[in-house]
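Before any comments, here is the structure.
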């Protein structure tokens, strides 16, 4: 099966949908900043109504699983790898 690459913007969109459902707000009300740290790996700072929440890699993967299933009609349990790309930023490679 061919691999699918999910762009940084779609990762952000998936997190917006994921958090909006947990916080019962509209996805447009969620702000996301993706980050990578050599020591801690991938994370995201999420802001809803002025409150900050930090998501770890596992939360980002969970958001991507929701996105894969509901928006791309793909297997949500396919292998998901987050990658820091020099040109594209943070992307997800789905196997």
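Just so you know, all these numbers are worked out from the coordinates, no wet-lab data involved. Bear in mind that the values here come from a model prediction, so they are computed numbers and not experimental data. Neighbour counts are summed over all protein chains in view; Cβ atoms, including those assigned to glycine, are modelled from backbone coordinates with ideal geometry.
Points worth noting:
- Residues of the range 39-57 that turn out to be more than 14 Å from residue 83 (Cα to Cα) and either out of contact with any helix residue (DSSP H, G or I) (no Cβ under 9 Å at 6 or more places or on another chain) or without any contact (Cβ under 8 Å) to a residue 24 or more places away in the chain (or both), as a count: 8
- Scanning the range 76-95 for residues that are over 15 Å from residue 43 (Cα atoms), surrounded by 13 or more Cβ atoms within 10 Å (Cβ to Cβ) and out of contact with any strand residue (DSSP E or B) (no Cβ under 6 Å at 6 or more places or on another chain) yields a single hit, 76.
- Hits in the range 3-29 - residues which are closer than 14 Å to residue 92 by Cα and not in a helix (DSSP H, G or I): 3, 4, 5, 6, 7
- Test: residue in the range 30-38 that is out of contact with any strand residue (DSSP E or B) (no Cβ under 6 Å at 6 or more places or on another chain), free of Cβ contacts under 8 Å to residues at least 12 places away in the same chain and either in a strand (DSSP E or B) or surrounded by 12 or more Cβ atoms within 10 Å (Cβ to Cβ) (or both): yes
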